Each structure stands twice: as C-alpha cells, then as structure tokens.
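S.K.: I have a structure I would like to understand better, so I am pasting it below and will then ask my questions one at a time.
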C-alpha cells in the first residue's frame, strides 16, 4: 500500500464530486491537492542525517543559546504507513515541522486541511498548534492558526480538520505553507512529552467547505405574532447558493415536541420567505435547515460572538417566536401593579417589547445626574447649573407616547459634584466617584428640583438612588448611612415642595444583607423621608424590614419591588448546567405569586433584554466577567422572545385591575394550587412538583362548572374535566369555579415561602470568643496579645482511618475587625502532604472554613474557603458563595476561584507544625454584615493526609465535611472590650424560683446565676439535662459580682438538671448541679355541668377549672366525637371556664367529656350524662 499512498501524494490524484442543483445545473468541484511527502514516507539525507523529504524543522521564539529542536521521524508511532514525524515539548515559543510550498490551483475558493495528531502519555505544558502561512512566490504575507485543537485529548490518533477560505487570504497569495508545531502553554511551569503528526491532506473546492451559512429574520419585531397571523421568515444575511433546493422549517412547542415541518423551494423562499400559520397561542421554536440535491438535510444554526471584544463563539440552533392570543390590552385596562425596568441604552425597541408583553408602567433606570453607568454622555447636569436635557427628553417623550406610567430612579453623582472626583476606577460598570453623596447637598437639591419641575407631570414616582448599603457593600453607594439619609431627606422635601402628590421610594434595597443599613437609616430618622419601601431581587420579601420597623417603633410603609429579578441568573451563581427555559419561567411565575402574597404594590420586571445569554454565563464566569441573563427577550444572536415572555403575557392577559392572594393548597401527586381573587373572581394557578404527568386532583376538579375556563401558561385552551393533565414544570390557570368546593380544599402548610418563613434547625454548637482587632501583623506574623486560642470542641471525623492519628491536633484563634476576618489555625501533624489541584485541596493537608453570611443556618447562605500550602505557594480558594442575584458587590470574587481580596501565609518553621495565617477582606464575605451584638457563625475543618490519602479531619463545629449545613456552624463572640479579669472566672452558683410566684410547680420559672466575687466571665452558657439552652454575653466588671437570669417555660412534669459555664479568655468555670422538679405542669382537672333542666335538647355545657395550672385549649366530646374547640387565655393559677351551646338534640342519652390542653399535657373531666326527654 506504501507505493499507492505515495503515488496519491506526488501525482495529486484529482477527485471530482458533482453536486448538482436541480434548478441550476451547478457543479461543485472538490479537488485533492498534492502535498509533498504528505505521510512522511520518503526520507532524504540532510547533512548526513535521514529526515522526511520536503519538510524542515523550525523553532519560533527560541531562547538564545538553546540548541535546535530535537525533532525527527518515528517508525514506532504512526497512524498509517511506515512512519510519522515528532517534535518534543518546548520550554518557550513553538516548534515543529514546516512543509515546502504548496501551489494553489486556479478557480478554487475554499481549502480543507486535515492532519492526524497524537501525544505521548507524558505530554504536558504544551499544546498542538497548527497554522497555515500565506505566501507569494516565497514571500511571507500572513498566517492563520486553527482553534480546532483546543480542549481536545490526543492520547490516541485524532484527525484535525479545518477550513481556510480565499476570503481569508492576503492579496497576492498564490502558495501555502503548512506548519505542524507544539506550543508552550504560557501558564505551565514544567513541560514534558512528545507530539506526533501524520497523514496530511488538503482538498480544494470552488464552494466553501464550511456549512452554508445564511441567516433568517422574522417579519415582525422580536418574532412576535398574534393568533391568526402568518409567521414569516426571510433571508437576512448571507447567500443562498444555487445548489440549495429547498428551505425546511421544523416547528417545536415549549415541550420540545415537533408539531409541524414545512419546506419551500429556494426561489419561493427568496421571493416570499418561509411561512407558517399557528393555530394556538404560545411559545414556539423553529429549526431551519436546507437541502441540496441528493444530500441529507443540513442545519442552519447561527453563530455569534460573546462580545465585541471577545470573539468566543456560541451557536443558536433555533429561532424562537411567540404567538399571543390577540393584541395586548389597552393601557388603562392593564394590571397596574406590573411594569418593567427601562435601561436607557435599550432604546425604543424595549418600549415596544414592553407594550407587546402588556406592562403598565416603566421604571426609568436611571435619571442620570452625572452619568449612566460609565457612559457620561447621558449626563443631564454636565457642570454646575448647566443642563443637557435633549437625550433624556427624547426618552420621556417616547415612553409617554406608549401611555406608560413612569417612575424615575435618581442616580449617579457627577464627577464635578463628588467629594472624591479622583476615584475614577470602575466597579462593575459604575464609576466610583459617582457612588458618593455630593460634597454640597445644594447641588443635589437643585438637580432634583429641576428634574421634578420638568417631568413631574409625567414622572409620578421617584426612587432615590439604587441599592444603597453600608460603605463598600454596593457598587452604587460608597458613602455612609448618614449621608444617604441627608440625600434622601433633601430629595423628599424638594419633590414634595414641587409636587406634593408625587411618591418617593427609598432606593431599592436588595435583600437581607441591606437590613443593617436600613436599621441605621431608621435610627437616623430616615423613615420620615420616603413613602414606599423599595426592594430589589428574586423572592423580595418585606417582612424582615417590617420586623425592624416594629422593633424601632416605626410604622411600616407599603412596599414595591422596583427591580424584580424573577428571571435573573447571574454568572456568579452558575455552578453547573444552567436551568432550562421552562425551569426559569416556572421560577418567575412562582415569584410573581409570592410577591402578590406579600402585598407588593408594584412589581418591576428587570429587564426587557438579556445582558448576556444563558448559554454564555459559564464562560463569562470562567473569564471573571460579572454579567447576567434576566430579560424576557434574547439579545443575541438576534432579538427574539424567551418562553418567559409568552408566560408573562398570558398572565397579564388574565389579570384584571386587582389581584389579591387568598390561599395555597398542597394536593395529591405533588400538585400545588394558589388561589387569587381577580376582580372578585377566583383565579387559580396549579402545577405539579412531581416527575410525571398526572390528572388534576379530584377535589379541585369538583369545583369545575360549565363556565370554568382552563388554559396552559402560554394561553392554550384546555378541557375543564377530571381528565385534565398537569405536566411537570408547567403551570395552568383555572377561572370561574364553584366557590363552595374551592373553600372545602384542605388547609396545608404554606409553600410560597422565603427565608423569613424558614428557621434553622436547632443544634448544640460550640462557642468561643474572638478578637475585635487585627489578629496578627500581616508582615511579621506577630500574633496580637488578645488572641483567644480555642483548643476544645475539636472532633475527629474519619475518612480512610477510623481513629485520630496520635500526632494530629489543631487549635484556632479568630477575630473580626473593620478590615475583615482574621483566622489563625495551628496544626500539629507529623507528615505534610499537599499536591492536589485547585478546588481539591481538601484531599491533602489543608484548612477549610466557612461563614454563615446571615446567621440563620440556611443552606446556600454560606461562603466557604479552602486554604493550602501548594508546591507553588500558599493559595486561598473561594469555593462556595451565596446567591447574589443582580447585586453588584465590589472587591468580591465569585465562587470556584482564587480569592482576590484575601491573603494566606503559612509558617512551617516549627517541626511537625503548620500554622495558617488567613485574612479575608469583609467584601469577600459578602453579603455578611458584622453585628457586634450577634456571634459570627463560623466552622473550621483541618484535613489530614499522610501520603496514602485523606485519613480524616478535625473540625471545630461542623457543617462542612459531612454535610453542607450552616446551622451546624459554631459561634464566635467578637469581644470589643479589653478584659478586666486577670484569670478564669470565679465559681458561679445557681438557684431557681419554681413555685414562688403561684405556689405551683408548673414548669414556668427562672434559673438565676450569681458569681459573688472574683474574675468575671464574658460568656454565660446554661445547660439543661446536658443540652445548651441559653447563651448570654456579660460585662466584665471584675472583681465585682456577676449575675444572669434565664426564663424557663413550658416544661412538662419531670426532673430537670441545670449547670452553668462562665468563660473568658483565660478559661471556663462550671457551677454545681441544680435540680428542679416539675409536678403540676399539666392543666388542673376541669369539671362539667349543664342547664338541661327541662330536658328539651337545647343544652349549655359549662366547663369550670376552679384553681391551678391553666389550659390553653378546651375540647368538648359528645359520645366520643369532638363537637367544640375553644382557645383559652392562660392566667395561671386563676379559674378558667368555657361554655358550649348544644342545640336541637333528639330524645336520647348523651355522654359529655372535656379536656384541657397546654404545652405540657392534657387533663380530662369526668364523664357527664345528659338525658333529652322531649
């Protein structure tokens, strides 16, 4: 076969393939080009050494003094024939084999190059690089490098194929040179191994080898049609070659079921386009393809690049469309609660799209005082007193022309007005100078007045700033709460002076991590200067903020969601495959329902257009780009709807002027139902969390009447009967049902809940004291004098070794200051092993630690790190981060990355000891906000590896190694005072007052601790039956007496043992045991009587409990059947009574018995006999 292989290479065997188009007779020619010695079979002597003929070696960017690259041929590794060529890995540049010149044939426009490549098993630190040099009679012009080798494995022979078209050739190109090389990877520290090449082929054609690429465009804006329309697509860009015979469009519904396929001839497509007439409203996707005579269908995906500055390519296989049930409602008939956040850069298309969806109002983000994000061309006040309204006037006029109600977001301090004009750095698109209140508040007052005077007849609501938070926790606000209140007050008073009927919204607060800021705003009197509480985010819930209002005695305001992130997915939060469009739409609808339940007066969808597409988010994260997909419409590769756009439109078609939450029900087969009052008519949203389709719950189906209407979430009509099917991941809407059957649905636990509704599981967790100042000097590593070393509560957990190694121990010291978290972990371990890759440090000797950012013990709220001394040096890896949604924290690193605003130093100067000095800036712990009155919830884990694998780990608290559960994290009480005590606390004494108040040993009492004299404790911990039940932070007034009281209630009859631990930085002291006996916790015995003097069947049954422990619930049973339940007031030991009215009993004998219940138990009356005689 060798002679045949060479003959093909040298003679340039011509292969002609005729691809005939039936309408044109065109013949596409494919020609095999002669590549000299294409399979390296022929050798020739050069300087007395045999080498492949017609090929030479070269090393580009060779370090000075280095010998020539040791490339050669191999008869052991080959793809075919007798030999291949090889090149060893290089430590700089790239090196390999260069072909002789290859002449280009006339009339050919596309060239396909194929090369077989294989790497040795130890090939590392290099990668294949194959490129073509363009030449003109020996003169180099330019080159093209293929990316087809990126990310591939070459452990076996693999053919690389790529195309170079004539359009890529520099002018004058008449020859090609092929270069087969290995290239040094810039980040590699070591290189090894060998790369092999074999079997080079080049083909030429008079048509491109790449798939034919022409794109289509819908005839309607954003591919949006109404039922009854014909959806038409025409050629948008590119050429439809004459070899194409037809264009085929395959239509799929939102369940990915193909429902239609239509083909049109090429000429018809060019003249009239491709068309399809839908018969039902909904969301659809169309996959286009073309056919050439005698060939299979070829798909027509569309390629687009990530951005104008990043050429990473992505492909979109289908075109999406929405078919609505008809035109959107007139603006005045739309649900007034729902609007959209309008970005100035989106332009009028966003307004048109919002009108198609059916929104009622627009929140303008922003009214740009000094810039619009980083684009200063939008600035309204370009210098003090100089206004440029032209561009913004145009925006307001256009928005008004669509009839939208308007809310304006006042934002961005101009550089000339900023107290820090020098801070020109940009934090996630926001210039830092613009995130401060102005130096002179009169400048702000003048701007606000000018805006309100100009637009106050159209903009009726004003949002004062965007996402203000404590300094440096939001890119939009770098200033203090005091300055924000001053800014808010100035805006409020100015707006009300000019337009008293205008609404003022506090700048949108994006979740629980804004509570500390909000608390300070309230404490500074800020509640007087806004009418509505504006929140941002997904699952925006006002109740945490309302709880703060109540705690501070401030009336709660109505609330709006001025940025609903119901559809937002951030690149920061991507950890695996992105959710499907159906999953995102379901998340969005459920979020709408939650906001209705929680009483939102405005829901502002953020926003109309995607900033980035879902399929690009993982790539964005890998490049460190903070972005998100949040729009109802895609931006790339073209403007088109997402499923959520169809779902939102149908929801708004159904909504009247008032939607009020009425209830939620858990039904059979994982079905859930939410009932809304829709202008006085029930509107029910139903879905299933099950994995299979199921018939609708019979109890709900029993509410169907002849007037009942059922639609899927896209507007398709469904049959209202018992056979109605619920499909997983999709919601249906039901209206006009029978109220009595609806009211009979069973009450169930709520499922429209947020973190406010969840409570952390109760765990007995360790506690310690931390420092409030820097724990160590970052240069000298000198440890602060007030460092508290935690040596107890370390537990060993086994991996491959069941028992803790004798030489393995750990201790820690923790602290939190204005700069962030300091942590010192000192590990004793006889063998140190750490050679694991990034993200897998836990397999070797390392430290893992995590902080619960909200302190609620909810999975997903934690930020977790891995610290390791690697062969390349110390590395602090940020593994998990909380969901941040659309929040934009500065100086923050996403998860699965090396922490950028933190430091790790490791000291191994002491034999068999490794000390980790860790500092994490407060911004890296986002959204954690330190509260001196609450403990830092922290868990620390130390891994042990002796060279044979992970033996196990020591953990201080838990929640990292076996399960990711922040509820198990320990508590670090950060001490902000210097200790007065000079030693461990004096011994505390316990006593109780059980029975002192009422004379009853009823399970409600106080346990009091006294330490009469001596060193004071800082932490008081009371244990009941060896379980920690109370922790208090005490003041250190050594050597004066100390006391603390814990109130106990609801204890059942029994014996309870108590002891207390007093702890300070010097140690812990325990009290003696106190025993408390409870004998009268259950209610005293009730007595029944009645007034059935005449025996007529109308009876009042009276319950009396004359003295003793009260019950909280009274139940009356008639012949063993419960007939009455009442809630009672607990006024122990006073008497209790209740009356049950029994009416219309027929002649007979009846037995009555009652019970009294409280948390401790139940007591029963004697049975009372009542006879009815007439």
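The values are calculated or read from the model by the stated rules, or taken from the named source; none is laboratory data. Just so you know, these numbers come straight off a predicted model, no measurement behind them. Cβ: placed from backbone, ideal geometry, glycine included. Neighbour counts: every protein chain shown.
S.K.: For region 693-798, which strands (runs of 3 or more DSSP E) that fit wholly inside it have 2 or more residues that are surrounded by fewer than 19 Cβ atoms within 10 Å (Cβ to Cβ) and either modelled with pLDDT of 85 or more or assigned by TED's automatic domain parsing to the domain that holds residue 819 (or both)?
M.R.: Those strands (runs of 3 or more DSSP E) span 704-712, 732-737, 794-798.
S.K.: Pull up region 394-415, narrow it to residues that are outside any loop (DSSP other than H, G, I, E, B), free of Cβ contacts under 8 Å to residues at least 60 places away in the same chain and more than 31 Å from the chain's Cα centre (by Cα), then point me to the one that is nearest to residue 439 (Cα to Cα). Step through it out loud before you land on a result.
M.R.: The first filter runs over region 394-415 and keeps only residues outside any loop (DSSP other than H, G, I, E, B), leaving 394-401, 405-411, 415.
Subsequent filtering for residues that are free of Cβ contacts under 8 Å to residues at least 60 places away in the same chain retains 394-395, 397-401, 406, 408, 415.
From what is left, the residues that are more than 31 Å from the chain's Cα centre (by Cα) are 394-395, 397-401, 415.
Details: 394: 30, 395: 29, 397: 32, 398: 34, 399: 33, 400: 34, 401: 37, 415: 11 Å.
Among those residues, the one meeting the criterion is 415.
S.K.: Can you tell me which of 853, 870, 915 is over 30 Å from residue 432 (Cα atoms) and crowded, with 18+ Cβ neighbours inside 10 Å? Before you say what the answer is, go through the steps one by one.
M.R.: Values: 853 fails: over 30 Å from residue 432 (Cα atoms); 870 fails: crowded, with 18+ Cβ neighbours inside 10 Å.
Selected residue: 915, the only one of 853, 870, 915 that is over 30 Å from residue 432 (Cα atoms) and crowded, with 18+ Cβ neighbours inside 10 Å.
S.K.: Look at region 219-238 and say how many of its residues are over 13 Å from residue 269 (Cα atoms) and part of a strand (DSSP E or B).
M.R.: So the count comes out to 5.
S.K.: Oh, and also: Restricting attention to region 799-808, and to residues there that are in contact with a strand residue (DSSP E or B) (Cβ under 6 Å, 6 or more places away or on another chain) and surrounded by fewer than 18 Cβ atoms within 10 Å (Cβ to Cβ), which single residue is farthest from residue 1023 (Cα to Cα)?
M.R.: Initial filter on region 799-808 (in contact with a strand residue (DSSP E or B) (Cβ under 6 Å, 6 or more places away or on another chain)): 799-801, 804, 808.
Adding the requirement that they be surrounded by fewer than 18 Cβ atoms within 10 Å (Cβ to Cβ) leaves 799-801.
Details: 799: 32, 800: 35, 801: 33 Å.
Only one residue tops the list, namely 800.
S.K.: Taking region 139-151, which residues are exposed (fewer than 13 other Cβ atoms within 10 Å of the Cβ) and at pLDDT below 90?
M.R.: 147, 150, 151
S.K.: Let me ask something else about it. Whether any residue in region 561-577 is outside the structural domain of residue 928 (by TED's automatic domain parsing), within 25 Å of residue 483 (Cβ to Cβ) and touching a strand residue (DSSP E or B) at 6+ places or on another chain (Cβ under 8 Å) is what I want to check. Let's see the steps before the verdict.
M.R.: Of the residues in region 561-577, the ones outside the structural domain of residue 928 (by TED's automatic domain parsing) are 561-577.
Next, only the ones that are within 25 Å of residue 483 (Cβ to Cβ) stay: 562-563.
Filter again for touching a strand residue (DSSP E or B) at 6+ places or on another chain (Cβ under 8 Å), leaving 562-563.
For region 561-577, residues outside the structural domain of residue 928 (by TED's automatic domain parsing), within 25 Å of residue 483 (Cβ to Cβ) and touching a strand residue (DSSP E or B) at 6+ places or on another chain (Cβ under 8 Å): present.
S.K.: For residue 395, state whether it is at pLDDT 95 or above and surrounded by fewer than 23 Cβ atoms within 10 Å (Cβ to Cβ). Reasoning before the result, please.
M.R.: On the way: at pLDDT 95 or above: yes; surrounded by fewer than 23 Cβ atoms within 10 Å (Cβ to Cβ): yes.
It is true that residue 395 is at pLDDT 95 or above and surrounded by fewer than 23 Cβ atoms within 10 Å (Cβ to Cβ).
S.K.: Here is a further query. Scan region 887-915 and report the pairs whose first residue is without any contact (Cβ under 8 Å) to a residue 24 or more places away in the chain and whose second residue is part of a strand (DSSP E or B), with Cβ atoms within less than 7 Å and a gap of 6+ or a chain change.
M.R.: Taking only residues 6 or more apart or on different chains, the pairs are 901/921.
S.K.: What tally of residues in region 856-867 results from selecting those that are within 22 Å of residue 839 (Cβ to Cβ) and either buried (at least 18 other Cβ atoms within 10 Å of the Cβ) or touching a helix residue (DSSP H, G or I) at 6+ places or on another chain (Cβ under 7 Å) (or both)?
M.R.: Adding up the residues that qualify gives 8.
S.K.: Only residues that are assigned to a strand (DSSP E or B) and under 27 Å from residue 166 (Cα atoms): list them for region 82-105, please. I'd like the intermediate steps shown before the answer.
M.R.: We begin by selecting, within region 82-105, every residue assigned to a strand (DSSP E or B); these are 84-88, 94-99, 102-103.
Matches in region 82-105: 94, 95, 96, 97, 98, 99, 102, 103.
S.K.: Would you please name the residue that is farthest from the chain's Cα centre (by Cα), looking only at residues in region 998-1015 that are within 14 Å of residue 1076 (Cβ to Cβ) and part of a loop (DSSP other than H, G, I, E, B)?
M.R.: Once the filter is applied, the top-ranked residue is 1000.
S.K.: Within the set of pairs 6 or more residues apart or between chains, which connect a residue that is free of Cβ contacts under 8 Å to residues at least 12 places away in the same chain inside region 782-809 to a residue that is part of a loop (DSSP other than H, G, I, E, B) and surrounded by fewer than 16 Cβ atoms within 10 Å (Cβ to Cβ) with Cβ atoms less than 6 Å apart?
M.R.: The qualifying pairs do not exist here.
S.K.: Tell me, yes or no, whether region 603-618 has at least one residue that is out of contact with any strand residue (DSSP E or B) (no Cβ under 7 Å at 6 or more places or on another chain), surrounded by fewer than 22 Cβ atoms within 10 Å (Cβ to Cβ) and either at pLDDT below 95 or in the same structural domain as residue 313 (by TED's automatic domain parsing) (or both). Working first, answer last.
M.R.: Of the residues in region 603-618, the ones out of contact with any strand residue (DSSP E or B) (no Cβ under 7 Å at 6 or more places or on another chain) are 618.
Narrowing the set further to residues that are surrounded by fewer than 22 Cβ atoms within 10 Å (Cβ to Cβ) leaves 618.
Now restrict to residues that are either at pLDDT below 95 or in the same structural domain as residue 313 (by TED's automatic domain parsing) (or both): 618.
Checked region 603-618: at least one residue is out of contact with any strand residue (DSSP E or B) (no Cβ under 7 Å at 6 or more places or on another chain), surrounded by fewer than 22 Cβ atoms within 10 Å (Cβ to Cβ) and either at pLDDT below 95 or in the same structural domain as residue 313 (by TED's automatic domain parsing) (or both).
S.K.: Residue 600 is checked against (1) at pLDDT 95 or above; (2) in a helix (DSSP H, G or I) and fails just one. What number does that condition carry?
M.R.: Residue 600 satisfies all of (1) at pLDDT 95 or above; (2) in a helix (DSSP H, G or I) except (2).
S.K.: Exactly one condition in (1) under 26 Å from residue 515 (Cβ atoms); (2) crowded, with 24+ Cβ neighbours inside 10 Å is false for residue 447; which is it?
M.R.: The one condition residue 447 does not meet is (1).
S.K.: Identify the single condition in (1) over 16 Å from residue 337 (Cα atoms); (2) at pLDDT 95 or above; (3) outside any loop (DSSP other than H, G, I, E, B) that residue 651 does not satisfy, given that it satisfies every other one.
M.R.: It fails just one condition, (1).
S.K.: Let me confirm something: among 419, 414, which residue is over 23 Å from residue 505 (Cα atoms) and in the same structural domain as residue 531 (by TED's automatic domain parsing)?
M.R.: Values: 414 fails: over 23 Å from residue 505 (Cα atoms).
Of the residues listed, the single one that is over 23 Å from residue 505 (Cα atoms) and in the same structural domain as residue 531 (by TED's automatic domain parsing) is 419.
S.K.: Scan region 736-753 for residues that are under 23 Å from residue 644 (Cα atoms) and out of contact with any helix residue (DSSP H, G or I) (no Cβ under 7 Å at 6 or more places or on another chain) and jot them down. Let's see the steps before the verdict.
M.R.: Residues of region 736-753 under 23 Å from residue 644 (Cα atoms): 751-753.
751, 753 - these are the residues of region 736-753 that are under 23 Å from residue 644 (Cα atoms) and out of contact with any helix residue (DSSP H, G or I) (no Cβ under 7 Å at 6 or more places or on another chain).
S.K.: Can you work out which of the residues in region 502-536 that are over 26 Å from residue 443 (Cβ atoms) and at pLDDT 95 or above is surrounded by the fewest Cβ atoms within 10 Å (Cβ to Cβ)?
M.R.: Here the residue is 533.
S.K.: Residue 79 versus (1) under 48 Å from the mean Cα position of the chain (by Cα); (2) modelled with pLDDT of 95 or more; (3) not in a loop (DSSP other than H, G, I, E, B): which is the lone unmet condition?
M.R.: So residue 79 meets the others, but not (3).
S.K.: A further question on this structure: Tell me the residue from 874, 882 that is in contact with a strand residue (DSSP E or B) (Cβ under 9 Å, 6 or more places away or on another chain) and under 30 Å from residue 568 (Cβ atoms), please. Spell out how you get there, then give the answer.
M.R.: Numbers: 874 fails: under 30 Å from residue 568 (Cβ atoms).
Exactly one residue qualifies, and that residue is 882.
S.K.: Output the number of residues of region 1126-1174 satisfying the condition of being surrounded by 12 or more Cβ atoms within 10 Å (Cβ to Cβ) and either assigned to a strand (DSSP E or B) or not assigned by TED's automatic domain parsing to the domain that holds residue 1097 (or both).
M.R.: Applying the first criterion (surrounded by 12 or more Cβ atoms within 10 Å (Cβ to Cβ)) to region 1126-1174 yields 1126, 1128, 1130, 1132-1140, 1142, 1145, 1150-1165, 1168, 1170, 1172.
When the remaining residues are screened for being either assigned to a strand (DSSP E or B) or not assigned by TED's automatic domain parsing to the domain that holds residue 1097 (or both), the result is 1126, 1136-1140, 1142, 1150-1158, 1161-1164, 1168, 1170, 1172.
Selection size over region 1126-1174: 23.
S.K.: Being closer than 19 Å to residue 83 by Cα and in a strand (DSSP E or B), is that true of even one residue in region 148-159? Spell out the reasoning first.
M.R.: First, the residues of region 148-159 that are closer than 19 Å to residue 83 by Cα: 154-159.
Going one step further and asking which of them are in a strand (DSSP E or B), we end up with 158-159.
Looking for residues that are closer than 19 Å to residue 83 by Cα and in a strand (DSSP E or B), one finds at least one in region 148-159, hence yes.
S.K.: Could you tell me whether region 957-976 includes any residue that is touching a residue at least 24 places away in the same chain (Cβ under 8 Å), crowded, with 20+ Cβ neighbours inside 10 Å and farther than 30 Å from residue 882 by Cα?
M.R.: No, every residue in region 957-976 fails to be touching a residue at least 24 places away in the same chain (Cβ under 8 Å), crowded, with 20+ Cβ neighbours inside 10 Å and farther than 30 Å from residue 882 by Cα.
S.K.: Check region 835-844 and report whether any residue there is touching a helix residue (DSSP H, G or I) at 6+ places or on another chain (Cβ under 9 Å), modelled with pLDDT of 95 or more, surrounded by fewer than 24 Cβ atoms within 10 Å (Cβ to Cβ) and on the phi < 0 side of the Ramachandran plot.
M.R.: No, because not a single residue in region 835-844 is touching a helix residue (DSSP H, G or I) at 6+ places or on another chain (Cβ under 9 Å), modelled with pLDDT of 95 or more, surrounded by fewer than 24 Cβ atoms within 10 Å (Cβ to Cβ) and on the phi < 0 side of the Ramachandran plot.
S.K.: Given the residues 453, 426, which is the only one that is within 30 Å of residue 894 (Cβ to Cβ) and surrounded by fewer than 16 Cβ atoms within 10 Å (Cβ to Cβ)? Outline the logic, then answer.
M.R.: Numbers: 453 fails: within 30 Å of residue 894 (Cβ to Cβ).
Step by step, each of 453, 426 is checked, and only 426 is within 30 Å of residue 894 (Cβ to Cβ) and surrounded by fewer than 16 Cβ atoms within 10 Å (Cβ to Cβ).
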